[in-house]
Structure formats: C-alpha cells, structure tokens
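I have placed the structure first, in the form of structure tokens, so that the comments after it can refer back to it.
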Amino acid sequence: MAVAGTRKVTISVSGELLAFADRMAKKTGSTRSSFISSVLNEVRERELERLAAEGYRYFGSEAQEFSAASGSAVAEAIGREYDEHL
C-alpha cells in the first residue's frame with residue numbers, strides 16, 4: 001500500500017540494477033520500492049549536507065573578511081560609547 005505523499009512511477013533500469021535492488025530489498029526485509037526510496041533518500045541527504053558545507057565555507061570566509069574590514073570601526077565605536085559612559 002502506498003504511503004501518504006508517495007507517487008507511483010514507472011522507471012527504466014538495467015536488469016542488473018533491478019536484480020540488485022530485489023536482492024537488497026529481500027536482504028533488508030523491505031520491498032523493492034521501499035529499498036529504492038531509501039537509497040534515493042540517502043543520496044538526497046548527502047547532497048543536502050554537501051550543499052550546507054559548501055554554504056558554510058563560502059559564508060564563513062565572507063564573514064571573516066567582513067570582520068577584518070569592520071573590526072577597527074567597531075572598536076572605535078565601542079571605545080566612544082565606553083568613554084561617554086565614564
């Protein structure tokens with residue numbers, strides 16, 4: 001029976017891949033559809049993790065550049081506020 005939100009599709013795969021999917025489904029105690037869905041989900045999760053890491057690397061270096069460029073201005077502003085409270 002289909003899980004809510006799932007779609008029934010027709011795909012073409014080699015006989016070798018189909019046999020592999022069937023063997024793995026049997027080995028894991030799942031259906032062919034369930035096995036293929038879980039493999040696709042794992043690939044999607046790895047891709048999302050890769051994209052997140054790429055974003056962190058990009059924005060991390062951008063944040064470091066901004067921090068270096070604005071550090072003296074922030075220090076000056078904080079110094080003024082500190083001096084005004086004395």
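Every number in this text was worked out from the coordinates using simple rules, so none of it is lab data. Quantities reported herein were computed from a predicted structural model and do not represent experimental measurements. Counting neighbours? That spans all protein chains shown, and the Cβs are built from the backbone with ideal geometry, glycine included.
In nm, give the distance between the simple-model label positions of residue 66 and residue 20, each being 7 Å from the Cα along the Cα-to-Cβ direction.
Inter-label distance under the simple model: 4.4 nm.
Tell me the mean residue ellipticity at 222 nm calculated for the chain from its helices only (DSSP H runs of n ≥ 4, each -39500 (n - 2.57), averaged over every residue, nearest 500).
After summing the helix terms and dividing by residue count, I get -29000 deg cm²/dmol.
What do you get when you divide the Cα radius of gyration of the range 1-71 by 2.2 N^0.38 Å, with N the number of residues?
1.84
According to a simple spin-label model (label point 7 Å from Cα along Cα-to-Cβ), what is the distance in nm between residue 53 and residue 8?
4.0 nm
Starting from the 7 Å offset along Cα-to-Cβ, what nm value, one decimal, do you get for the label separation of residue 40 and residue 75?
According to this spin-label approximation, the distance is 5.5 nm.
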